[in-house]
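Okay, so here's the structure we're looking at.
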Amino acid sequence: MKLPKKVKINEVVLRDGLQLEDKVLTVDEKKALFDQLVKADLRTLEFGSFVHPKLVPQMANSGELFELISKNSNQLELIALIPNLKGAKNAKEKGVERLNFVFSASDTHNQQNVQKSTEESLEELKGILIYCEDHGMLVNVSVATTFGCPFEGEVSKGRIEWILEQLVPLNVETITLADTTGMANPQQVYDLVSEMTTKFPEQSFNLHFHNTRGMGLANMLGAMQAGITSFDASLGGLGGCPFAPGATGNICTEDVVHMLHSMGIETGLSLEKLMAASKTLQQYVGHETPSYVLKAGPYDRKYPVPAKK
């Protein structure tokens, strides 16, 4: 099995993880989670998004949160999701320097999400890149519904290749291919990623998986076998898209780290401290999370032998 020696994890619980929760976490609660994630040695975090607060009220305090967490965090990559140029301008007002622009491979999903066609979002991206270059901001791009759309069904390889043909010449540092509603399977992931990385060998890719149908970690394994070493994950396995029916959580950070460490793959993260942060997360959101390792403990946990009756 061809696998990397080290994998980079981009934590998205403060954005994707919380955006479907009924309880809107306060800035102080988000800051406390952030502090625990930093103690677990996470270095890349998507902390929030600059979207209309009426559409995603859970993200309304993202600017205030950034003002707190950006102090003394020079070693961290703090990323904000934006859907349009207005989001980029709002992020700039708060001093955010790294952005993730998201649009969908599927026209129908993109219309539901940002009321634009995919082509219109690609055109808007060009203006965003000009604005951000003028203001010293870095923009990465996420392509939602890469592996399937809840409205249109299958998204063809040709469609993804055409989108990448538009994106790659724009010199975007990292492109994320996202399985927005967990429709992918490992063979599909391996085939698509292998083909795209062969066609665009100089482009850096990140993968974003949801565990909607229980195949998130298997899909991650397929991506690693195709050469990917960078992935999004969400503490506790929380998350989902507000504009996609049936959307559920991301692959769970502590489950991902547990799997990788048990396979001898480095992450640079502390599983013990991630699990502590995940317990705090459960308290804040007021319910159990899908985290498997939090329920069962790590694979090397030893239980006492029951006494004979």
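The residues neighbouring L269, those whose beta-carbon lies less than 12 Å from its own, together hold a net charge of 0 under the Lys/Arg +1, Asp/Glu -1 convention.
Residue separation of M1 and T108 scaled by 0.36 nm, minus their Cα-Cα distance, works out to 34.8 nm of gained length.
Here, the chain has an Rg and a Dmax of 18.8, 75 Å when only alpha carbons are counted. The phi-based Karplus calculation (6.51 cos²θ - 1.76 cosθ + 1.60; θ = phi - 60°) puts the 3J(HN,Hα) values of the range 206-217 at 10, 10, 10, 10, 10, 9, 3, 10, x, 10, x, 5 Hz, whole numbers, x for Gly and Pro. Could you tell me which of G236, N211, I79 has its Cα farthest along the dipole of the range 8-296 towards the positive end, charges placed at Cβ (Lys, Arg +1; Asp, Glu -1), taken about the Cα centre? Selected residue: G236. Taking R0 as 25 Å, what FRET efficiency do you get between Y292 and D22 from their Cβ-Cβ distance, rounded to the nearest 0.05? Once the sixth-power term is evaluated, E becomes 0.65.
To the nearest 0.05, how large is the calculated FRET efficiency for Q75 and K199 if R₀ is 35 Å and r is the Cβ-Cβ distance? The pair Q75/K199 has a calculated efficiency of 0.55. Distance from the C-alpha centroid of the range 28-73 to that of the range 133-194: 25 Å, rounded to the whole angstrom. Backbone amide hydrogens, once placed in the peptide plane, bring I79 within less than 5 Å of L45, E46, F47, excluding anything fewer than 5 places away on its chain.
Most mobile of A296, A277, A184 per a Gaussian network model of the chain (Cα springs, under 10 Å)? Per the Cα network of the chain with a 10 Å cutoff, A296 tops the list. Couplings for the range 179-190, taken from phi via the Karplus curve 6.51 cos²θ - 1.76 cosθ + 1.60 with θ = phi - 60°, read 9, 4, 10, x, 9, 6, 10, x, 5, 4, 4, 4 Hz in order; Gly and Pro are left as x. What you get for the chain, charging only the Cβ of Lys and Arg (+1) and of Asp and Glu (-1), is a dipole of about 1120 debye around the Cα centre. Once the C-beta distance of K54 and D191 is scaled by a Förster radius of 30 Å, the resulting FRET efficiency is 0.15 to the nearest 0.05. Amide H contacts of N206: I175, T176, L177, each under 5 Å away and 5 or more positions distant or on a separate chain (H built 1.01 Å from N in the peptide plane; Pro and chain starts excluded).
Near G216, once Lys and Arg are set to +1 and Asp and Glu to -1 for all other residues with Cβ below 12 Å from its Cβ, the sum equals -2. For the range 63-161, the calculated P(r), taken from all Cα-Cα distances in 5 Å bins from zero up to the bin holding the longest distance, is 2, 13, 22, 20, 16, 12, 9, 5, 1 percent.
If the segment from D300 to W162 were pulled out straight at 0.36 nm per residue, it would be longer than the present Cα-Cα gap by 45.1 nm.
Read-outs throughout are calculated quantities, based only on the coordinates presented, and are distinct from any laboratory measurement. Source: prediction; values computed, not measured. Please note: Cβ atoms are built from the backbone with ideal geometry, for glycine as well, and neighbour counts cover all protein chains shown.
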